[in-house]
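Okay, so here's the structure we're looking at.
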Amino acid sequence: MRTRMTMIHATLLAALAVAGCKRSTSGPAAPPAGQERGDCRADGGCDPGLDCRSNLCVRPPPADCSKVAEQLSFLLLDNYTPREQRDGFLAEAKRQCQTSYLSKDDGECLMRAPSRAALRECPRPIGIGDCERIKAHLDKVRSGSGVDAYLVTGADRIIGRCKTEAPTLGFEQCVLATRTLDEVERCTW
């Protein structure tokens, strides 16, 4: 009799344990597809800063944004950049790194880049200007200037240079603030 009671007791405990392992349907709903800890979207994508792993959107290990910013300063600033400008650059690069949710792999790519142009080869570059925005703005300035389309201007030289080099963010901001071709000439790479 005792053995039979022990078996019934063990069976009951096993049934309760299995029931306790089932996912509760009354708990919080799973995050929407693409969001952290949610399923990956049908295209295999996730929100920015997340990777799709085993059909689950997860945040990969983050980059060391202080080290990334420091390395970018070596590539994008010259030796004579005043301390306050350098500090401002470091703070902005670190902020961009953090708000872009750069992963450890993204950060390592940026830190291995031997030149400005090599930064573009990284999957998620930061700290460099956007040549497409610069070109679009310069095309607008040039079209409104009345300059002969066949005349090579500083804007054309900048567009050509963008194909082989990566401009700094400061240069991009300077160009985007211009309204005439003469103003463009004052922007330094």
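The values are calculated or read from the model by the stated rules, or taken from the named source; none is laboratory data. Just so you know, these numbers come straight off a predicted model, no measurement behind them. Please note: Cβ atoms are built from the backbone with ideal geometry, for glycine as well, and neighbour counts cover all protein chains shown.
Could we say that Glu92 is touching a residue at least 60 places away in the same chain (Cβ under 8 Å) and within 14 Å of the chain's Cα centre (by Cα) here? Full working, then the answer.
On the way: touching a residue at least 60 places away in the same chain (Cβ under 8 Å): yes; within 14 Å of the chain's Cα centre (by Cα): yes.
Yes; evaluated as a whole, the condition is true for this residue.
Among the residues of the stretch 126-156, those that are basic (Lys, Arg) and either at pLDDT 85 or above or touching a strand residue (DSSP E or B) at 6+ places or on another chain (Cβ under 9 Å) (or both) comprise Arg133, Lys135, Lys140.
Cys65: closer than 21 Å to Pro31 by Cα and at pLDDT 90 or above, yes or no? So that I can check it myself, show each step before the final result.
On the way: closer than 21 Å to Pro31 by Cα: no; at pLDDT 90 or above: yes.
The answer is no for Cys65.
Considering Glu92, Glu70, Glu121, the condition of being out of contact with any Gly (no Cβ under 6 Å at 6 or more places or on another chain), assigned to a loop (DSSP other than H, G, I, E, B) and either under 28 Å from Asp156 (Cα atoms) or modelled with pLDDT of 90 or more (or both) is satisfied by Glu121 alone.
Remark: Arg157 falls outside the filter, which requires a residue to be surrounded by fewer than 19 Cβ atoms within 10 Å (Cβ to Cβ) and under 26 Å from Asp47 (Cα atoms). Scanning the stretch 28-52 for residues that are in a loop (DSSP other than H, G, I, E, B), of a type in the set (Asp, Glu) and closer than 20 Å to Ala63 by Cα yields Glu36, Asp47. For the stretch 70-106, taking the residues that are within 17 Å of Glu121 (Cα to Cα) and of a type outside the set (S, T, N, Q), the one that is surrounded by the fewest Cβ atoms within 10 Å (Cβ to Cβ) is identified as Lys104.
Check the stretch 140-153 and report whether any residue there is surrounded by 14 or more Cβ atoms within 10 Å (Cβ to Cβ) and closer than 27 Å to Val58 by Cα. There is no residue in the stretch 140-153 that is surrounded by 14 or more Cβ atoms within 10 Å (Cβ to Cβ) and closer than 27 Å to Val58 by Cα.
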